[in-house]
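Report on one structure; see the data block that follows.
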Amino acid sequence: MKKLILAAVTLTTAASVFAQGTVTFNNRIAAGGTTHVWSGPNALQGNGPTDSPAGSTDYTGYLLIGTSGGMSATTTFAQLIGAPGAGAAESSMLPSSSPPTTFRTGAGAGFIVGATATFGNILPDAAAGTFELAVWDNSTGLYPTWTQASAALASGQLKLGGHSAPFTLQNIGGTTFTPPSMVSSLAGQGMQSFAIANVPEPTTVALAGLGAAALLIFRRRK
């Protein structure tokens, strides 16, 4: 009998260790809210006129990710990061244990390929969690996860990347609750649209100009 009880306790403990909260990872939900991800000259946050609910943020001069001429849908990665509790600090957020997703094209530009995000650091059926959508360029294939991409962004090795403003979701998915949507049709709730800054690489002309300036300074010092 003691062995049976011990086995049950062991199984329960193991289940709790591996239990994970879930979120519906999609920024386009029918009748549930629509947001977009853009790239452009500056980082921006906030819903625009084409979002649901509509906002006043002006994305004129920006391109939806996956649009022709914009960042590639297949090599721009997106991953949800999160932490337990409402209003959690960004420094406490961890990437989902689910792999990153990519973006859609055509009429679906600006929308991620939908999935379910699973979190090892957020319990199933948790009352609340705080999240951000992280997006980055992985055209080199060097940054398959946000952990790698965020480090590269901090060091300057990666130029294209960023994340949404933090947002809180209630009733995280588990055995009682279904996974909540990361977007909402209610103003001020769920993830808002955002743009990552498209920082261009130095042009050949600019580099030549820097080289000429450096050579001139060197000659003056001689």
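Any read-out appearing in this document is the output of simple, stated calculations on the displayed coordinates, not a laboratory observation. Given the structure is predicted, the values throughout are model-derived calculations rather than measurements. Heads up, the Cβs are rebuilt from the backbone with ideal geometry, glycines too, and the neighbour counts pull from every protein chain shown.
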Taking R0 as 35 Å and r as the Cβ-Cβ distance between Gln170 and Asn42, the FRET efficiency 1/(1 + (r/R0)^6), rounded to the nearest 0.05, comes to 0.65
Simple SL model, points at 7 angstrom along Cα→Cβ for Ala197 and Thr75; separation in nm is 2.3
Amide proton proximity set for Gly173, modelled H, under 5 Å, gap of 5+: Thr22, Asp125
For Ala86 paired with Gln157, estimate the spin-label separation in nm (one decimal), with each label point 7 Å from Cα along the Cα-to-Cβ line. 4.0
Zone of Gln148's modelled label, taken as backbone nitrogen in the range 71-108 under 12 Å from a point 7 Å along Cα→Cβ: 100
Label Val113 and Ser139 with points 7 Å out from Cα along Cα→Cβ: what is the distance between them in nm? 1.9
3J(HN,Hα) from dihedral phi, the range 22-31, Karplus parametrisation 6.51/-1.76/1.60, rounded to Hz, x for glycine, proline: 10, 9, 6, 9, 6, 9, 9, 10, 4, 6
